[in-house]
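The values are calculated or read from the model by the stated rules, or taken from the named source; none is laboratory data. Bear in mind that the values here come from a model prediction, so they are computed numbers and not experimental data. No Cβ is skipped: glycine too gets one built from the backbone with ideal geometry, and neighbour counts run over all protein chains shown. Just the protein is used for accessible areas: all its heavy atoms, side chains included, with ligands, DNA and RNA removed. Shrake-Rupley method; radii C 1.70, N 1.55, O 1.52, S 1.80 Å.
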Amino acid sequence: MAEEKATPASGSILVVGGGISGLTTALEAAEVGYEVFLVEKNPHLGGRVAQLNQYFPKLCPPTCGLEINYRRIKDNPNIKVFTLAEVTAVSGAPGSYNVSVQLNPRFVNENCTCCGECAAACQGEIDSEFDFGMKKIKGAYLPYEMAFPARYVIAPEIAATEDGKRIKEACKYDAVDLDMQAKTVDLNVGAVVWATGWQPYDATKMDNLGFGQYDNIVTNMMMERLAAPNGPTKGQIVRPSDGKAPESIAFVQCAGSRDENHLPYCSYICCMASLKQATYVRALYPEAKIYIFYIDMRAPGYRYERFYEKIKADENIFLIKGKVAEVNQDAGSKNVTVVAENAVTGEKIKQSVEMVVLATGMQPTAAVDKLPADLKFNSDGFVVNDYAAGGMFAAGCANKPMDVVSSNQNATGMALKAIQTLVKR
Ligand SMILES: Cc1cc2nc3c(=O)[nH]c(=O)nc-3n(C[C@H](O)[C@H](O)[C@H](O)COP(=O)(O)OP(=O)(O)OC[C@H]3O[C@@H](n4cnc5c(N)ncnc54)[C@H](O)[C@@H]3O)c2cc1C
């Protein structure tokens, strides 16, 4: 066999990020027989979609799709999953990369049966990151009901306290190991797929939109958690200030996106996300008035356009073309006023509502936490796929803002690119 056609040194693939894109790449490659290492920094797989209440446009819960993927992983011995794990170094070339992965301690081992006795014994509480701090949870916790792996986690700040000892004593299965230390695993792989996804743009950076200053302004991801039956309010969309069911809600589109001072690009999914969230409100409160302020309404493709048309026909949903200039709290009340100019009539609008949702955009995680590899990035921090160099690829929202369908398609393509690296085609 000619040298350039020889099998690369490693027949394995590393996938970094266990969101829907990473899960898809890992499964597609593993199910055709390749060994895959899946590295996820959170204690659980699923990424951002695990936090969503429903998927547009079908309005089904993302849990079914995730559950099927988790089952496929469980049934596939080709995939080795590392959670609470981060890649710290990558060296080498297509066909043979040496990768160091740091595994952080969970303080709970595989004996865990998810009985919950540890959480019952734990007295200390921490902010729930999964619920964007809208709820406190015990320092020994299961990230969410159908988390994969189905294993509790003990927060590091709790493990070293008296609570840690109480938790250990409460566990009947010898699953609590407070001496667990971080350790490094070295891997040799032939290709790497970066599926590190996105994070919500920090809404406090937009002073004029009032987030963090006024109680009744939330972000779109917080809205997903408020609407979710397993969320902080058990699916009741209520105002943070007083728990009241809102009679009026405004959505502020492009909160950060398409703005030279923040994210200069369109985040692609925010219009669809707000249209979807309007249906959450309508289902709970049929009389509530919903105002959606937008620059352009973007519902790309046949199915999304049809969804948009349906929402537009709703008599309690008002779509206003106009960029929001500011959001302020009303004097003497916790209501908030959205100030905008109607781009069609030129009229200045001041709409007072009981709650505001900022449709904050998607920022690539890699723009905030630098990836330890020789990759190309665009000016916004998305990984640019350099197919000529090969060997390392970005899938899903690490590459650009996408919905779940596009993430799955893209991630399948990147599994193929990784396989091609291994077989040198
Ligand atoms: C408000 C809102 C609502 C939405 N609703 C819908 C909807 O209804 N339908 C739809 O199709 N799309 C929706 N989306 C878009 C959807 O969330 C994305 O398409 C999807 O999350 C993309 O998945 P991903 O795997 O690429 O990224 P992510 O979901 O971000 O997953 C990335 C994973 O990588 C991990 N990670 C990051 N960095 C590292 C690292 N250095 N090392 C190890 N692991 C790492 C993360 O912890 C995470 O688990 C919505 C988006 C928003 C903002």
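Entry remark, region 371-425: residues being without any contact (Cβ under 8 Å) to a residue 60 or more places away in the chain and near the ligand (Cβ under 9 Å from one of its atoms) number 3 in total. Checking each residue in region 391-405 for being part of a strand (DSSP E or B) and either touching a helix residue (DSSP H, G or I) at 6+ places or on another chain (Cβ under 7 Å) or open to solvent by 20 Å² or more (accessible area, probe 1.4 Å) (or both) picks out Met392, Phe393. Give region 13-23 a look and list any residue that's out of contact with any strand residue (DSSP E or B) (no Cβ under 7 Å at 6 or more places or on another chain) and either of a type in the set (A, V, I, L, M) or more than 8 Å from the ligand (Cβ to nearest atom) (or both), or say none. Listed by number, the residues that qualify are Ile20, Leu23. Among residues of region 176-202 being hydrophobic (A, V, I, L, M, F, W, C) and crowded, with 24+ Cβ neighbours inside 10 Å, the one that is nearest to Gly391 (Cα to Cα) is Ala191. Put simply, of Ala155, Ala147 the only residue that is modelled with pLDDT of 95 or more, small (Gly, Ala, Ser) and within 13 Å of the ligand (Cβ to nearest atom) is Ala147. In region 170-182, the residues that are farther than 24 Å from Val101 by Cβ form Cβ pairs under 7 Å with partners that are surrounded by fewer than 16 Cβ atoms within 10 Å (Cβ to Cβ) and among the β-branched types (Val, Ile, Thr), at six or more places apart or across chains, as follows: Tyr173/Thr113.
When the residues of region 338-364 are narrowed to those that are among the hydrophobic types (A, V, I, L, M, F, W, C) and open to solvent by 40 Å² or more (accessible area, probe 1.4 Å), which ends up nearest to Ala398 (Cα to Cα)?
Checking each candidate, the answer is Ala343.
Would a scan of region 292-302 turn up a residue that is open to solvent by 40 Å² or more (accessible area, probe 1.4 Å) and touching a residue at least 60 places away in the same chain (Cβ under 8 Å)? Checked against the condition, which is being open to solvent by 40 Å² or more (accessible area, probe 1.4 Å) and touching a residue at least 60 places away in the same chain (Cβ under 8 Å), region 292-302 yields no hits at all. Considering (1) out of contact with any strand residue (DSSP E or B) (no Cβ under 9 Å at 6 or more places or on another chain); (2) within 30 Å of Leu38 (Cα to Cα); (3) assigned to a helix (DSSP H, G or I), the lone condition that Ala388 does not fulfil carries the number (3).
Determine which member of the set Ala373, Ala325, Ala288, Ala299 is under 24 Å from Met222 (Cα atoms) and within 25 Å of the chain's Cα centre (by Cα). Answer to the selection: Ala299.
Being modelled with pLDDT of 95 or more, under 21 Å from Val189 (Cα atoms) and surrounded by 14 or more Cβ atoms within 10 Å (Cβ to Cβ) narrows it down to one residue among Asn408, Asn385, Asn335, Asn328; which is it? So that I can check it myself, show each step before the final result.
Numbers: Asn408 fails: under 21 Å from Val189 (Cα atoms); Asn335 fails: under 21 Å from Val189 (Cα atoms); Asn328 fails: under 21 Å from Val189 (Cα atoms).
One residue alone meets the criteria, Asn385.
Looking across Leu178, Leu209, one residue alone is out of contact with any Lys or Arg (no Cβ under 9 Å at 6 or more places or on another chain) and away from the ligand (no atom under 14 Å from the Cβ). It is Leu209.
Out of Ile158, Ile167, I need the residue that is outside any loop (DSSP other than H, G, I, E, B), without any contact (Cβ under 8 Å) to a residue 40 or more places away in the chain, crowded, with 22+ Cβ neighbours inside 10 Å and not small (Gly, Ala, Ser). Which one? Outline the logic, then answer.
Numbers: Ile167 fails: without any contact (Cβ under 8 Å) to a residue 40 or more places away in the chain.
Going through Ile158, Ile167 in turn, the sole match is Ile158.
Taking the criterion of being touching a strand residue (DSSP E or B) at 6+ places or on another chain (Cβ under 7 Å) and open to solvent by 30 Å² or more (accessible area, probe 1.4 Å), the only residue of region 49-66 that qualifies is Gln54.
The set of residues from region 25-43 being open to solvent by 10 Å² or more (accessible area, probe 1.4 Å), within 8 Å of the ligand (Cβ to nearest atom) and either not charged (D, E, K, R) or not in a loop (DSSP other than H, G, I, E, B) (or both) comprises just one member, Asn42.
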